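Structure, as structure tokens:
The values are calculated or read from the model by the stated rules, or taken from the named source; none is laboratory data. Predicted model, so just to flag it, every value in this text is computed and none were measured. Cβ: placed from backbone, ideal geometry, glycine included. Neighbour counts: every protein chain shown.
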Amino acid sequence: MLQINLFVCSRYPVNRKKIRSCALAFLQSHKIQHAQVDISIVGKRKIKFLNESKLKHTGTTDVLSFPLHEKQKVDDFPLPSGIPPHLGDIVLSFPEAIEQAKRFGRLVDNQLCFYVEHGLLHLLGYHHE
């Protein structure tokens, strides 16, 4: 079972179904069949706060990922039967998605899907290096 928990600030017009579908399709394409992920779509202040307080980077960013496990240890914490392991959290900046969508001639929801895929790669253990 795959479970995508999506949290969106009420003022952001986001196609929730598209974001969930994008995440599910990405996980399935990477042969992940049993997991859950939390995705939050936030504003500039929240993503700046998280970027600075958690990662010690300066300023805002487009996407942050907070994995709960190392890549090889996804099942290292016992869960009740039927509950998929939690891969981690992804935080997306809605204002940054608007800016980047304009820059690249994309729809905002497509830019958010791009960020979701980027964040999921990090949760699966892939990094920029």
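For residues that are modelled with pLDDT under 95 and among the small types (Gly, Ala, Ser), scanning just segment 1-42, find the one that is surrounded by the fewest Cβ atoms within 10 Å (Cβ to Cβ).
Within segment 1-42, the match that is surrounded by the fewest Cβ atoms within 10 Å (Cβ to Cβ) is Ser10.
Residues of segment 112-129 being over 13 Å from Ala23 (Cα atoms) and in contact with a helix residue (DSSP H, G or I) (Cβ under 6 Å, 6 or more places away or on another chain), which ones?
Gly125
Determine which member of the set Leu87, Leu120 is hydrophobic (A, V, I, L, M, F, W, C), assigned to a strand (DSSP E or B) and crowded, with 17+ Cβ neighbours inside 10 Å.
Only one candidate passes the filter, namely Leu87.
Restricting to segment 74-117, give me the number of residues that are at pLDDT below 85 and either β-branched (Val, Ile, Thr) or within 12 Å of the chain's Cα centre (by Cα) (or both).
2
Per-residue answers, yes or no, for (1) assigned to a strand (DSSP E or B); (2) over 12 Å from the mean Cα position of the chain (by Cα); (3) not charged (D, E, K, R):
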residue	(1), (2), (3)
Phe7	yes, no, yes
Tyr12	no, yes, yes
Arg20	no, no, no
Lys31	no, yes, no
Asp38	yes, no, no
Ile41	yes, no, yes
Lys46	no, yes, no
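Does at least one position in segment 51-63 carry a residue that is surrounded by 14 or more Cβ atoms within 10 Å (Cβ to Cβ), modelled with pLDDT under 95 and of a type outside the set (S, T, N, Q)?
Scanning segment 51-63, I find no residue that is surrounded by 14 or more Cβ atoms within 10 Å (Cβ to Cβ), modelled with pLDDT under 95 and of a type outside the set (S, T, N, Q), so the answer is no.
Residue check: is Lys46 within 19 Å of Leu107 (Cβ to Cβ) and at pLDDT 95 or above?
In short, no.
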